[in-house]
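Data block below; observations after.
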Amino acid sequence: MRRRDFLTATLGLSAAAVTGQAWSAPATDQRFLVIFLRGGYDAVNVVIPTYSDFYYQSRPTIAIARPDPANPNAALPLDNDWSLHPALKDSIYPLWQKKQIAFVPFAGTDDMTRSHFETQDTIELGQLVAGPRDYRSGFMARLAGQLSGSRPIAFTSQPPLTFHGQTAVPNISVASVNKPGVDDRQARLIEQMYKGQALQAAVDEGFAVRDKAYSALAGEMIAANRNAVSPSGFELAARRVARLMKTDYNLAFMDVGGWDTHVNQGGATGVLADRIGQLGRGLAGLADEMGPDAWSKTTVVVLSEFGRTFKENGDKGTDHGHGSVYWVLGGSVRGGRMAGDQVRLAADTLNDRRDLRVLSSYRSICADLVSRRFGLTQANIDRVFPGETLRSFSLT
């Protein structure tokens, strides 16, 4: 094994992390977290167009019932047109009522491949679909480069494409946290091996990240054995993310899989309801763990590579679609509202007569958020999202 391969495997960091970079303390206490729902979640059965008869005609077995206080499986009203899945009643709905979450329907990318991998790459790279792709340059890596004193991290088991670039970015899985595989004695030997060499700073940084993350989470794992928090699932992972971002990181990415629901998707109950309920509890837990002060300085974007077909298929599920609904939440978000352009739903207003159109680009949404959150100019945005002109969604 080459020394660099050994170093990367030992520290559990991305290959980019061993390039070495000395970080200063964050110049801003604002935080930005992207949560990627991999698999293409069925947006219109979560944020539901309950005004639309066409929705109910298109989904005879999986549609969510219109709001009805007497029906526990009915949708929760957001405004006159849109409602929320009942599985989110005790998690996301309170955030809506406190105006700490907004939804952006008809959101996505102009990538029309309907391929999980192609479209996930499109979003993580943040480059123009019409141009050539540079897989060495993800949009969050470019964003980190525009922030003075940025502290980026990926809460993933593998380095995500969005952080590919010149910025040194560690990655750590928060799904399961075990005692570091390299003990203190071995760590000292590795540090001695690289002392005085070009990689010394990277080695020191790698062990510092590992030790701080484990130290921060060890107490929480003990508390979990006393039923202080959920012992598994997304809520536990989200609370771990909150603890680390609250004190150490201001730019982060994490992903959640399992959203490809072709068969027996379910409606108010079933596969999607279970998954969306877990997601909601995790996001509510993240806000709770942050605490009011840190939460007021945090913006979270929940997105997916695409939505699903508007009509259910013959297997009582949905297939790969196009437009989606993005979530934007945080303590200072202008929530309690649907943001972005909309169109009344009918067969002739669908994309290719099969799925939601995209009226708000993910690049536009994210560009507006980071420009407001971090005070970036159009010149900065040109470097993060080349060719993107700032557009206001009034989300913060």
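Coordinate-derived values only; no laboratory data. Predicted, not measured: the structure shown is a model, and the values here were computed from it. In this analysis, Cβ positions are derived from the backbone assuming ideal geometry, glycine residues included, and neighbour counts consider all displayed protein chains.
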Worksheet item: What residues have an amide H closer than 5 Å to that of SER83, excluding those fewer than 5 places away on the same chain, when H is modeled at 1.01 Å from N in the peptide plane?
Response: ILE48, THR50, LEU78
Worksheet item: Rounded, prolate or oblate: which fits region 239-396, taking a ≥ b ≥ c as square roots of the Cα gyration tensor eigenvalues, rounded meaning a/c under 1.5, else prolate when a/b beats b/c?
Response: oblate
Worksheet, complete the sentence: Whole-Hz Karplus couplings 3J(HN,Hα) for region 338-353, θ = phi - 60° and coefficients 6.51, -1.76, 1.60, Gly and Pro as x, run 8, 10, x, 6, 9, 9, 5, 7, 7, 4, 7, 9, 6, 6, 6, 6
Practice prompt. Report the net charge of residues surrounding GLN30, where surrounding means a beta-carbon distance below 13 angstrom and charges are Lys +1, Arg +1, Asp -1, Glu -1.
Written response: +4
Response to the item:
With +1 on the Cβ of every Lys and Arg and -1 on the Cβ of every Asp and Glu, the dipole magnitude of region 75-114 about its Cα centre, in debye rounded to the nearest 20, is 200
Item to complete: In whole Hz, with x marking every Gly and Pro, tabulate ³J(HN,Hα) for region 383-396 from phi via Karplus 6.51 cos²θ - 1.76 cosθ + 1.60, θ = phi - 60°.
Response: 7, 8, 10, x, x, 9, 8, 4, 9, 8, 10, 6, 8, 9
Worksheet, complete the sentence: Net charge (Lys, Arg +1; Asp, Glu -1) of residues whose beta-carbon lies under 12 Å from that of TYR135, TYR135 excluded, is -1
Practice prompt. Give the long-range amide H neighbours of ASN171: residues separated by 5 or more places, or on another chain, with amide H under 5 Å away, using H modelled in the peptide plane at 1.01 Å from N.
Written response: SER14, ALA154
Worksheet entry | Residue-by-residue Karplus 3J(HN,Hα) for region 94-106, coefficients 6.51, -1.76, 1.60, Hz, glycine and proline x | x, 5, 4, 5, 8, 6, 10, 9, 10, 10, 10, x, 6
Worksheet item: Non-local amide H neighbours of ARG391 (under 5 Å, H modeled in plane, Pro and chain starts lacking H): which ones?
Response: ASP368
Worksheet item: What order, most packed first, do the peptides 333-342, 283-292 have when packing is the mean number of other Cβ atoms within 10 Å of each residue?
Response: 283-292, 333-342
